[in-house]
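To start, the structure itself, in structure tokens.
The values are calculated or read from the model by the stated rules, or taken from the named source; none is laboratory data. Because the structure is predicted, anything quoted here is derived from the model rather than measured. FYI the Cβ positions are ideal-geometry reconstructions off the backbone, even for glycines, and counts take in every protein chain you see. All accessible areas refer to the heavy atoms of the entire protein, side chains included, with ligands and DNA or RNA removed. Shrake-Rupley method; radii C 1.70, N 1.55, O 1.52, S 1.80 Å.
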Amino acid sequence: MVRSNQSSTVTEFLFSGFPQFEDGSLLFFIPLFFIYMFIVVGNLIVFFAVRMDARLHNPMYNFISIFSFLEIWYTTATIPKMLSNLISKKRTISIIGCLLQMYFFHSLGNSEGILLTTMAIDRYVAICNPLRYLTIMTPRLCAQISAGSCIFGFLVLLPEIAWISTLPFCGPNQIHQIFCDFEPVLRLACADTSMILIEDVIHAVAILFSVLVIALSYIRIITVILRIPSAEGRRKAFSTCASHLSVFLMFYGSVALMYLRFSATFPPILDTVIALMFAVLAPFFNPIIYSLRNKDMKIAIKKLLCLQKVFNASAS
């Protein structure tokens, strides 16, 4: 801290969500490092497999590739700092760094949430209105939705981050979490923190609206699928939705635990586990779900890996 007269101004925050790892930080660093590498490489493989296979150039796979690309940066906003904190005795972050981490982490998360909602609507149109699918989900519309989800995700948080940046921080500087998040940071402000409740309500409304849209889409989808006369037709229809539904449940399940508890408080270790599930485990399983549960994706990934082997052989 920097002291001025009788008050002090906080110039950096200290993460206190790591004490339980003090005696074995390296034991947590190694698996987290390999998980992060897997997330980056796995999502890159999914992204390039979709981009390089002409058979996957359709709305559903386009959204999956954009989602995978966002996942790389979503985890990069927090995990590298977590890794450095695990092996550093000085587990601090500057106020500017904290604000940037919050902004990029939540902006990317918002963009992913919008994409997941769009993917549910895409599956709804494909299964419930298949004859008009190609005329509704045009390449131009898909590109506009993909770009719009990212632009909106980044713009909607600017007023919130700008407001937080104006708050004075002059007291305790310990963030009781493993990365910068709205509620732990706002509790450190030396000002009226009644806005925390408004923040919680805004986040809750956005989350519940997305969950409602996706849930209604899948209720309708399942209703239509159950009417398909052939068992093979029902199986194919379910398989096209299973991956997205699994990712949706993981993403919004962890989001709900993190942001729909309002004034409820959890033990520190449980807070850390929820944060890890939200920021690390859900992104870890996404490339596995999209690659292992989808026949076309597995074929595209094999082609991509074969092309890489051929390239390496010719280069050597």
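For the range 48-59, the set of residues classified as surrounded by fewer than 21 Cβ atoms within 10 Å (Cβ to Cβ) and assigned to a helix (DSSP H, G or I) consists of 48, 51, 52, 54, 55, 56, listed by residue number.
Taking each residue of the range 275-297 that is of a type in the set (D, E, K, R) and looking for partners that are open to solvent by 70 Å² or more (accessible area, probe 1.4 Å) with beta-carbon atoms closer than 8 Å, six or more apart or interchain, yields 296/55. Scanning the range 258-276 for residues that are surrounded by fewer than 17 Cβ atoms within 10 Å (Cβ to Cβ) and within 20 Å of residue 210 (Cα to Cα) yields a total of 3. Taking the criterion of being at pLDDT 70 or above, surrounded by 14 or more Cβ atoms within 10 Å (Cβ to Cβ) and outside any helix (DSSP H, G or I), the residues of the range 188-206 that qualify are 188, 189, 190.
For the range 82-112, a tally of residues being more than 15 Å from residue 157 (Cβ to Cβ), in contact with a helix residue (DSSP H, G or I) (Cβ under 7 Å, 6 or more places away or on another chain) and in a helix (DSSP H, G or I) returns 3. The residue pairs whose first member lies in the range 120-148 and is touching a residue at least 40 places away in the same chain (Cβ under 8 Å), whose second member is open to solvent by 60 Å² or more (accessible area, probe 1.4 Å), and whose beta carbons are closer than 7 Å, counting only pairs six or more residues apart or on different chains, are 124/220; 128/220. Kindly indicate which of 35, 66 is β-branched (Val, Ile, Thr), surrounded by 21 or more Cβ atoms within 10 Å (Cβ to Cβ) and closer than 17 Å to residue 289 by Cβ. Among 35, 66, only 66 is β-branched (Val, Ile, Thr), surrounded by 21 or more Cβ atoms within 10 Å (Cβ to Cβ) and closer than 17 Å to residue 289 by Cβ. Screening residue 125 against (1) over 21 Å from residue 70 (Cβ atoms); (2) in a helix (DSSP H, G or I); (3) open to solvent by 30 Å² or more (accessible area, probe 1.4 Å) leaves a single unmet condition, (3).
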